[in-house]
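Accompanying notes for the structure given below.
The values are calculated or read from the model by the stated rules, or taken from the named source; none is laboratory data. Please read all numbers here as calculations on a predicted model, not as lab measurements. In this analysis, Cβ positions are derived from the backbone assuming ideal geometry, glycine residues included, and neighbour counts consider all displayed protein chains. Calculation scope for accessible area: heavy atoms of the full protein, side chains included, ligands and nucleic acids excluded. Shrake-Rupley method; radii C 1.70, N 1.55, O 1.52, S 1.80 Å.
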Amino acid sequence: MVALFFSTTILAVVIYRFFPVYFTPLMFIRCAQQFSDDKSLTLHHHWVSMGKISEHMPVAVMASEDQRFLLHHGFDFGAIENAAKNNLHGGKMHGGSTISQQTAKNVFLWPGRSWIRKGFEVYFTFMIETLWSKQRIMEVYLNSIEMGDGIYGVDAVAEYHFHKKAKDLFRDECALIAATLPNPLKFNSAHPGSYIRKRQHQIEQQMRFIPAFPAEGEDVNPETVVGGTYRRR
């Protein structure tokens with residue numbers, strides 16, 4: 001059983017290194033919830049390559065979700081420690097999850113806070129950080145993350161909330177989408193309230209300090225940035 005688990009999970013990670021992720025466990029779970037609530041089944045998802053996504057989108061999600069994405073190896077222990085201290089002192093709950101962890105959870109696991117699921121998340125995060133490039137992790141993340149009610153991925157939210165393709169999203173629109181990610185079912189990028197507008201402004205300010213996301217084959221270490229661009233290896 002152990003050998004079967006490792007062989008099948010490693011195979012799945014290798015396959016998704018090269019092939020699009022058209023469906024995730026969360027998509028099926030949301031459809032089941034819609035069915036049980038007697039709602040019409042809604043699932044909007046379009047897989048697109050990084051070349052068809054606005055260059056501002058990865059910068060926006062890094063500014064919002066994981067500013068050390070290009071530096072860490074899947075786990076930002078500083079953010080985890082800060083989140084733990086904040087939660088311990090009764091502050092607003094923070095998870096400290098990186099983009100890599102969220103990608104592992106979105107693609108291979110189910111939502112929840114159990115220790116078992118968290119253990120699997122650590123395992124899959126280690127696997128994708130080992131077998132995928134940072135560019136691939138970001139590509140899968142931007143295509144699989146929930147961005148609205150029945151909406152998954154940046155191209156779908158661009159179409160249904162902004163009536164355009166992901167490639168054509170403006171900088172402020174990318175920041176607006178990123179501002180809703182902590183709770184995309186509660187916050188709507190098509191009809192943002194004052195709180196989301198405030199978060200959007202904060203994200204835009206942070207985006208000024210994050211260089212353009214490197215293309216495949218470019219050095220992903222921000223410390224090697226020269227003149228705002230990444231050196232090629």
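Looking only at region 106-128, residues that are over 10 Å from the mean Cα position of the chain (by Cα) and closer than 22 Å to residue 70 by Cβ come to 8 in all.
Residues are listed down the side, and each one gets a yes or a no for (1) surrounded by fewer than 17 Cβ atoms within 10 Å (Cβ to Cβ); (2) assigned to a loop (DSSP other than H, G, I, E, B); (3) among the aromatic types (Phe, Trp, Tyr); (4) free of Cβ contacts under 8 Å to residues at least 40 places away in the same chain:
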site	(1), (2), (3), (4)
117	yes, no, no, yes
126	yes, no, yes, no
130	yes, no, no, yes
136	no, no, no, no
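Which residue out of 93, 62, 50, 57 is touching a helix residue (DSSP H, G or I) at 6+ places or on another chain (Cβ under 8 Å), modelled with pLDDT under 90 and either open to solvent by 40 Å² or more (accessible area, probe 1.4 Å) or closer than 30 Å to residue 173 by Cβ (or both)? Break it down stepwise before answering.
Details: 62 fails: modelled with pLDDT under 90; 50 fails: modelled with pLDDT under 90; 57 fails: modelled with pLDDT under 90.
From the options 93, 62, 50, 57, the qualifying one is 93.
Close Cβ contacts (under 7 Å, 6 or more residues apart or on different chains) running from residues in region 9-31 that are over 17 Å from residue 151 (Cα atoms) and in contact (Cβ under 8 Å) with a residue 12 or more places away in the chain to residues that are open to solvent by less than 50 Å² (accessible area, probe 1.4 Å) and outside any helix (DSSP H, G or I) comprise 17/132.
Only residues that are of a type in the set (Ser, Thr, Tyr) and buried (at least 16 other Cβ atoms within 10 Å of the Cβ): list them for region 31-47, please. I'd like the intermediate steps shown before the answer.
Step one: of region 31-47, the residues of a type in the set (Ser, Thr, Tyr) are 36, 40, 42.
Hits for region 31-47: nothing passes.
Evaluating residue 140 against the criteria (1) in contact with an Asp or Glu (Cβ under 8 Å, 6 or more places away or on another chain); (2) under 13 Å from residue 61 (Cβ atoms) leaves one unmet condition, (1). Taking the conditions (1) open to solvent by 70 Å² or more (accessible area, probe 1.4 Å); (2) of a type outside the set (Lys, Arg); (3) farther than 18 Å from residue 23 by Cβ in turn, residue 212 satisfies each one other than (1).
Scanning region 159-170 for residues that are open to solvent by less than 80 Å² (accessible area, probe 1.4 Å), part of a helix (DSSP H, G or I) and not small (Gly, Ala, Ser) yields a count of 3. Residue check, residue 44 against (1) out of contact with any strand residue (DSSP E or B) (no Cβ under 7 Å at 6 or more places or on another chain); (2) at pLDDT 90 or above; (3) of a type outside the set (D, E, K, R), all met but one. Which one? So the condition that residue 44 fails would be (1). Taking every residue in region 67-78 that is under 16 Å from residue 57 (Cα atoms) and pairing it with any residue that is open to solvent by less than 20 Å² (accessible area, probe 1.4 Å) and small (Gly, Ala, Ser), at least 6 positions away or on another chain, the pairs with Cβ-Cβ distances below 9 Å are 69/100.
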